[in-house]
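Below is one structure, written out as C-alpha cells; the observations come after it.
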Amino acid sequence: MLSVHWQMLSALANLISTVAIVAGAIFVVAELRSAAKDRYLEVSNSMFEIWHSAEFQEDQLYLLHQVPVSSWTEFTANGRGTRAERAFLRVGGFYDRVGHLVLSKLLRQDQILPTISGDAIRVWQKIEPMVREARRSENLLLFSNYELMLPQCIECFVPMVEEHAQGATPAVEMIEPAELMKLMASREAAVIDVDQTEHPVRIAGAVRAEANDLAGWIRALPRAKEIVAYCSCPHEEASTYAAKQLTLAGLGRVRALRGGLNAWSAAHYPTERIDSRAEQRQAS
C-alpha cells in the first residue's frame, strides 16, 4: 500500500515538474518574442525619426537641389570636407543602412519603403554617376545595399506614380518559361540575368550584367532580338525594374520572365554553371 502511494506521489511530482518546465519554456518564448518585438519597434522608430528629422531633410534637399556636379572627380575637387560631402555621406549612408536592414529581413519593407521610396529613388538618380565613379577609385562597395534595395523601392513607389501620372512608365510584359524556351531555340531572344544575388547556375546562354546598371545592360544586349530579363526575386522585382528601364531606353520589346530562375529550373530547361573567376577576368 505504501509503495502505491509513493508511486502516485512520484508520478504527481513528475507531472508537476513537466508542467513547470513547459510553463517556464512558454514564458521564456513569450519574453523573447516580446523583446524581439520591442527591438524591432525600436529599430523601425529610430529609422523613421532620422528620416523625419529636420537635419536629415535639410541635407537631403541640399543634395538634391544645390549640389550641381555629377562627376565624383569634380565633387571631391570642390566639395571635399564641405556640407556637400556631409550631405552625400549622411543621406546615402542612411538609405544604405535601410537597405541592409530590409535585405537582412530585420526591417519589413512594407512598413518603411512606401514612405521613403520616392525620396530614395530621387536621391539615387542624382548621385548614381558619382557613386559609380567613386566605386572605381575609392570604395568598391559604396552604398551597395542602397542600390540593391532600389527594385523594392520601385515596386512600392512606381505603381502609385503610374496610376496618377501622365505618360507613365509602361507596364512590364511577362513571358512564361515555355515561350522563352521556344524563342531561345529559334535564336529570337536575348536573355539577361539581372539578379541581385549571385547563383552557381544561370539560364544557358544568358548574359550577366551588374544589378541595376542600366549602362551595363544596354552594352550587353543585341538590338535585333527580343530581350528577356530574369531574376530570382519573390515577385520579379529586379527583372521588372530592368524591363521598365530598358523599355524606356528604347531597346524594343523587353519582357520579364515569370517565376524567374526558379520557374525555369523547375521546368528542367537548360542551365549552365557560372565560372565567376572567368567572368571577372573577362570583365577586366
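Below is a table of values for the structure above.
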item: Qualifying strands (runs of 3 or more DSSP E) (wholly inside the range 168-217; at least 2 residues being surrounded by 17 or more Cβ atoms within 10 Å (Cβ to Cβ) and at pLDDT 90 or above); result: 189-193, 201-203
item: Residue identified as within 23 Å of Asn139 (Cβ to Cβ), assigned to a helix (DSSP H, G or I), modelled with pLDDT of 85 or more and among the acidic types (Asp, Glu) among Glu74, Glu58, Glu49; result: Glu74
item: Count - residues of the range 232-264 that are part of a loop (DSSP other than H, G, I, E, B), under 21 Å from Val201 (Cα atoms) and touching a residue at least 40 places away in the same chain (Cβ under 8 Å); result: 5
item: Qualifying residue in the range 219-238 (condition: at pLDDT 80 or above and farther than 30 Å from Leu113 by Cα); result: yes
item: Residue check for Tyr62: under 21 Å from Val43 (Cβ atoms) and either without any contact (Cβ under 8 Å) to a residue 24 or more places away in the chain or of a type in the set (Ser, Thr, Tyr) (or both); result: no
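The values are calculated or read from the model by the stated rules, or taken from the named source; none is laboratory data. Computed from a predicted structure; not experimentally measured. All Cβ positions, glycine included, derive from the backbone under ideal geometry; neighbour counts span all protein chains shown.
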